[in-house]
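Shown next, in C-alpha cells, is the structure this report addresses.
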Amino acid sequence: MFLSDFYMIFIGLVILILGVLVGVAFLVLLERKVLGYIQIRKGPNKLGVIGILQSFSDAIKLFTKEQTYPNYSNYFCYYFSPVISFMMSLFIWMLIPYYFNLISFNLGVLFFFCSISLGVYTVMIAGWSSNSNYALLGGLRAVAQTISYEVSLALIFMSSLLMIMDFNFLMFFNYQKLIWFIFIMFPLSLCWVSSMMAETNRTPFDFAEGESELVSGFNVEYSSGGFALIFLAEYSSILFMSFLFVLVYLGGYELNMLFYLKLSLISFLFIWVRGTLPRYRYDKLMYLAWKGYLPVSLNFLLLFLGLKIFLI
C-alpha cells in the first residue's frame, strides 16, 4: 500500500468518528423528544429550531465545567477509564463494511467480540477507582450483567455465522439478497434484541444505574467531561448495536436510504422500550440469560448445524 492510501484511510476514519458523534448528539435529542411525548410533555424545544441544538449546548456545558474528583479515589484509573471506554466504543465503528476507502476486516466478528469484552474492564475500573460504595456496587452489577449477556450474544451470533461460514460482516449482505435472516431465525432475532439492550445497560435492564437503590451506579462520582464521555460511549454503542442488528438480520449493509431508515427504527426501538417498560428484577435478568437464552441459542445452533450438514 502507498502512503497516500494510509492517509485516505485515516481521513475516512476521522470523518466516520465525527459522523458517529453527530449521530449520537441527534440520538440523544430524539430520545429526549420521544420520551417527552410518551410522558405527555414537551422535550427540549428552546435552543435553535424546535430544540435541534440542545445536545450541542449540553456537550459544550459538560466539557467546560470544572472537573471534580473524590479525595480518596484512585485518581489515575478514575480519570482515564471514561476516556478508554469512549475509545473502545469508537474502535468498534471501524467494522462498518464500507465498499471503499476504509478497512474491511476478514475477522470483523472476532474483533467485535474482543472490543465489547474489553468494555467490561472500563466499567469495573470506573466503579472501583471512585472509592465509593454505590459506585462499586453499580460497577459489580454492570460487570456481572455484561459478562452474562456477552455469552448470550456470542451464542446467538454463532447461528448466523453458521449460515454464512465467514467472519466478514460484508458477507451478510451477499447471503440476504433473497431472504432476510430475521424470517429464518425470528426467535433468535428477538433474543438478540433483548440481549443487546442488556449489553448496553438500557431499560428495562439498566441495573448499573438503578436510581432507586444506587443513586446513579458506577458513574455516580463522575461530573463534567468524565460523565460526558461515559454518556457518549453508551449512546455510540446503542447506535452500533442497532447497526449490527440491521446488518445481521435485516438485509446487510447497503448504500441506500432504506438501510439508514432501518437503523433509525431499531435505535427508536431502544427509546420506545425505555418509555414503556419498567425495570426488570436483577435475579430474573440473570435467569433470563442462563436459563432462557443459553438453552434456546444452543438448540438453534444445533438445528442450523444439522440443516447445514443435511443440505450439503
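Overview of values
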read-out: Degrees, to the nearest 10: 186-199 long Cα axis against longest axis of the chain; value: 20 degrees
read-out: Coil-residue trypsin sites (Lys or Arg not before Pro) of the range 1-90, DSSP, other Cβ within 10 Å capped at 15; value: Arg41, Lys42, Lys46, Lys65
read-out: Gain on full stretching of the segment that runs from Phe91 to Cys77 - 0.36 nm per residue minus C-alpha separation; value: 3.0 nm
read-out: Residues Val273, Val248 arranged by fewest to most Cβ contacts within 10 Å; value: Val273, Val248
read-out: Restraint check, Lys284/Lys308; Lys33/Lys65; Lys33/Lys61; Lys42/Lys262; Lys177/Lys308, Cα-Cα greater than 28 Å; value: Lys284/Lys308
read-out: Span from the the range 151-194 Cα centroid across to the the range 26-100 one, whole angstrom; value: 30 Å
read-out: Quarter of the Cα convex hull surface for the chain, i.e. its orientation-mean projected area (nm²); value: 18.3 nm²
read-out: Between the range 235-312 and the range 102-148, the Cα center-to-center distance that results, in Å; value: 19 Å
read-out: Trypsin sites (Lys or Arg not before Pro) within the range 163-271: DSSP coil, no more than 15 neighbouring Cβ in 10 Å; value: Lys177
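Computed from the coordinates by the stated procedures, all read-outs in this text should not be read as laboratory data. These figures come from a predicted structure and were not determined experimentally. Glycine also receives a Cβ, built like all others from the backbone with ideal geometry; neighbour counts cover every protein chain displayed.
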